[in-house]
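Structure record follows, encoded as structure tokens.
The values are calculated or read from the model by the stated rules, or taken from the named source; none is laboratory data. All figures in this text were calculated on a predicted structure; none of them were measured in a lab. Positions of Cβ are generated from backbone atoms using ideal geometry, with glycine treated the same way; all protein chains shown enter the neighbour counts.
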């Protein structure tokens, strides 16, 4: 007999119901089990929604502090509070996109060796629930931005959501445009922090961000194409239209432009002062080393999960700390 039937007492003799007054201990046990099922199911659903929102990807939204940090305007109480709000709103917007994306791609994700474990693809989060929560976040984030932040912040956040949702629906299937949309999402993250605090954005800063993002995005696509060779269309149809040679060309081109733009940004007048040593200019060495180190993983075809590369490679972590120290000294004027 099935468990629901047993819980409802259908296997009991006539006259032995579930009412508490009938004195049956079995009835009380069944009622307790029924009461316990709902909280466990709800907890599992909430955990699945959280996993679908990609907490590991939220580290990307730290880019909202990039422009204020570069300008040395990060540590005032007002700036910290405003940027915390912007970070939370961008995280909500990005989570909305992930929820909608996974709901749309559930069937394709089931064919992927890793993505098949995503909660929506695995059936732990129903597709309608993912759509509903994603829609709620997509509406709430711009509304909160309009109430709490300058108008330009709300405009950029709304544009980000519209662009990313269009990407989920159709733009991900358009050659080159898919790379452009994802790259633009990173640029918007770096722009929005400066807009929130009214900080002018250097053209070289934006170019460095754009091509640095394109480098990582195209390296990710290249790695996916290498790893899914022969069956790429089962998980990302557009990979069958890109060649690995083309994607390699894109990430190599983007890496070169990013390094050049960073050097021009570091040499630009009006930046942080020199202090004891020209730390801003010296940071060009660390930035170039970081690009070269990441290119090792891109060349191997193992940069399919950029956050894993950034967080788990010790050499890259050391280079990143060195770069932060140099630029921090430049901002502080030491």
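Data for the structure
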| read-out | value |
| --- | --- |
| Counted residues, region 304-332 - those being at pLDDT below 90 and surrounded by 15 or more Cβ atoms within 10 Å (Cβ to Cβ) | 10 |
| Subset of region 110-119 [within 17 Å of the chain's Cα centre (by Cα) and part of a helix (DSSP H, G or I)] | 115, 119 |
| Hits in region 167-181 (condition: more than 15 Å from residue 100 (Cβ to Cβ) and in a helix (DSSP H, G or I)) | 173, 177, 178, 179, 180 |
| Some residue of region 276-283 being at pLDDT 95 or above, surrounded by fewer than 22 Cβ atoms within 10 Å (Cβ to Cβ), in contact with a helix residue (DSSP H, G or I) (Cβ under 7 Å, 6 or more places away or on another chain) and assigned to a helix (DSSP H, G or I) | no |
| Odd one out for residue 127 among (1) crowded, with 17+ Cβ neighbours inside 10 Å; (2) within 21 Å of residue 47 (Cβ to Cβ) | (1) |
| Output for region 66-109, where each listed residue is outside any helix (DSSP H, G or I) and farther than 22 Å from residue 332 by Cβ | 105 |
| Only one of 139, 239, 195 that is over 20 Å from residue 57 (Cα atoms), part of a helix (DSSP H, G or I) and outside the structural domain of residue 107 (by TED's automatic domain parsing) | 239 |
| Set 156, 133, 125: member being assigned to a helix (DSSP H, G or I) and in contact (Cβ under 8 Å) with a residue 60 or more places away in the chain | 133 |
| Answer residue from region 242-251, given it is part of a helix (DSSP H, G or I) and touching a helix residue (DSSP H, G or I) at 6+ places or on another chain (Cβ under 8 Å) and is modelled with the lowest pLDDT among those | 244 |
| Flag for residue 291 being within 23 Å of the chain's Cα centre (by Cα) and without any contact (Cβ under 8 Å) to a residue 12 or more places away in the chain | no |
